[in-house]
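Bear in mind these aren't lab numbers, they're just calculated from the coordinates by the rules spelled out. Computed from a predicted model, the values in this text were never measured in an experiment. With ideal geometry, Cβ positions are generated from the backbone for all residues, glycine too; neighbour counts draw on all protein chains shown.
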Amino acid sequence: MKILEGKTTIITGGSGGLGNSVVKLFLEHGANVICTYYKEDELRRLTPLMDQFQKSFVIVKGNVTKEKPILKIVNNVVSRFKTLDILINIVGGFKAGDIINTGIDTFDQMIAINLKSTFICCKSVIPQMIKQKSGKIINVAAKPALNGAAGISAYAASKAGVLNLTKSLSDEVLKYNINVNAILPGTIDTEANRQAMPKAKHKNWVKPEEIAKVMLFLASGDSDPISGAGIPVYGKSYLN
């Protein structure tokens, strides 16, 4: 059963370890997927999906930390597909470091790529979703958004911002039948994370495919009663 048949979905960061699994699952469930990318070398993960889903998969280059290019993408999507049903904000980044040794440039980068990008993309799609009186927005916060930890102050602050943005936006738009939720991953079992932490207990990490299924539920009609939630999807990763 294709539970997203014909639903127009923008997914940022779809070329990453998590994003690729989300894009694939949403395409398999009938969604029209518009995926943003920033660097040309990110496209290699998407090539097989481009070949398989030629009519329902569109990739567009765009810097999600800049408002004008995202507004242009949104306007083009609405012009082509007439609706914009789902937004999934996956673009993000991670840099560790205690506050003394974290430079202002690093702090600004974490805020821009994690929080500012989410704000801009949400702000850009909301007018269309209000117009059609429906929509689903899924943001990616993180477990440290709930309680920061030593050595990740900039990252934790940016993800806490994503979680509170999610809750605030949900209160603003729920009356228009727009649901806004966030997932809170721990460590995700991606190639990049395995390379960064080769000695960790990888078996405890959550698979990207598992998180994609949670997002599929949040994008479906079954999640209509849920908005403003921060949903834990860290499995046993905190046991490392």
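Which entries in the list K24/K95; K2/K133; K7/K175; K61/K236; K24/K68; K131/K159 go over 25 Å, if you measure between the two C-alpha atoms of each?
Checking Cα-Cα distances, K24/K95; K61/K236; K24/K68; K131/K159 exceed 25 Å.
Rounded if a/c is under 1.5, else prolate if a/b beats b/c, else oblate: with a ≥ b ≥ c from the C-alpha gyration tensor eigenvalues square-rooted, which is segment 149-216?
Oblate is the answer for segment 149-216, as a/c is 1.5 or above yet b/c matches or exceeds a/b.
Could you list Y37, Y238 so that the one with the fewest beta carbons within 10 Å of its beta carbon is first and the one with the most is last?
Y238, Y37
What dipole magnitude, in Debye to the nearest 20, does segment 8-239 give about its Cα centre under +1 on Lys/Arg Cβ and -1 on Asp/Glu Cβ?
That gives segment 8-239 a dipole magnitude of about 160 debye.
With charges set only on the Cβ (+1 for Lys and Arg, -1 for Asp and Glu), what does the dipole of segment 90-169 come to about its Cα centre, in debye to the nearest 20? Write out the running numbers ahead of the final one.
Values: 9 positive and 3 negative charges, 111 e Å.
That gives a dipole near 540 debye.
Would you please state which residues of segment 63-101 a label at A192 would reach in this model, taking the label point 7 Å out along Cα→Cβ and a backbone N cut-off of under 12 Å?
Within reach of a label on A192, which here means backbone N under 12 Å from a point 7 Å along Cα→Cβ, segment 63-101 contributes 90-95.
Compute a Gaussian network model of the chain, connecting alpha carbons closer than 10 Å, and tell me which residue from S170, S56, S158 fluctuates the most.
Its mean-square fluctuation being the largest, the pick is S56.
In debye to the nearest 20, how big a dipole does segment 34-118 give about its Cα centre with +1 on each Lys and Arg Cβ and -1 on each Asp and Glu Cβ? Numbers along the way, then the final one.
Working: 12 positive and 9 negative charges, 89 e Å.
Approximately 420 debye in magnitude.
Of the residues G30, G14, G135, which exhibits the maximal mean-square fluctuation in a Gaussian network model of the chain defined by a 10 Å Cα contact cut-off?
Per the Cα network of the chain with a 10 Å cutoff, G30 tops the list.
Give me the base-10 log of I(q)/I(0) for segment 8-239 at each q in 0.13 Å⁻¹, Debye formula, one uniform scatterer per Cα, rounded to two decimals.
Log10 I(q)/I(0), no solvent term: -0.74.
Could you work out how far apart the two model spin labels at K131 and K201 are, taking each label as a point 7 Å from the Cα in the direction of the beta carbon, and quote it in nm?
Here the answer is 5.1 nm between the modelled labels.
Have a look at P198, I211, S158 and report the one farthest towards the positive end of the charge dipole of segment 158-240, computed about the Cα centre with Cβ charges (Lys/Arg +1, Asp/Glu -1).
The Cα lying farthest towards the positive end belongs to P198.
For the chain, with the dipole built from +1 on Lys and Arg beta-carbon atoms and -1 on Asp and Glu ones, taken about the Cα centre, which of G6, N63, I73 lies farthest toward the positive end?
It is G6, whose Cα lies furthest towards the positive end.
Rounded, prolate or oblate: which fits segment 117-240, taking a ≥ b ≥ c as square roots of the Cα gyration tensor eigenvalues, rounded meaning a/c under 1.5, else prolate when a/b beats b/c? Don't skip to the answer; put the middle values down first.
Details: a/c = 2.50, a/b = 1.79, b/c = 1.40.
Verdict is prolate for segment 117-240.
Could you please rank H202, H29, placing first whichever residue has the fewest other Cβ atoms within 10 Å of its Cβ?
Exposure proxy ranking, most exposed first: H202, H29.
Please label the shape of segment 52-166 as rounded, prolate or oblate, based on the square roots a ≥ b ≥ c of the eigenvalues of the alpha-carbon gyration tensor (a/c under 1.5 means rounded; beyond that, a/b larger than b/c means prolate, else oblate).
Cα axes put segment 52-166 in the prolate bin.
How do V78, V23 line up, fewest other C-beta atoms within 10 Å first? Don't skip to the end; give the middle numbers.
On the way: V78 17, V23 29.
Fewest-to-most Cβ neighbours within 10 Å comes out as V78, V23.
At 27 angstrom or more along the helix axis (alpha-carbon based) and mean Kyte-Doolittle of -1.0 or higher, what helices does the chain contain? Whole DSSP H runs only.
Those that pass (Cα extent of 27 Å or more, hydropathy at least -1.0) are 153-173.
Lys and Arg at +1, Asp and Glu at -1: add these up for the other residues within a Cβ distance under 14 Å of I3 and post the number.
Numbers: positive: K2, K7, K136, K213; negative: E5, E28, D85, D222, D224.
Surrounding charge for I3 is -1.
What are the aspartates and glutamates whose alpha-carbon lies under 13 Å from the alpha-carbon of K116, with same-chain residues fewer than 8 places away excluded?
Within the straight-line limit of under 13 Å, K116 reaches these aspartates and glutamates: E67, D108.
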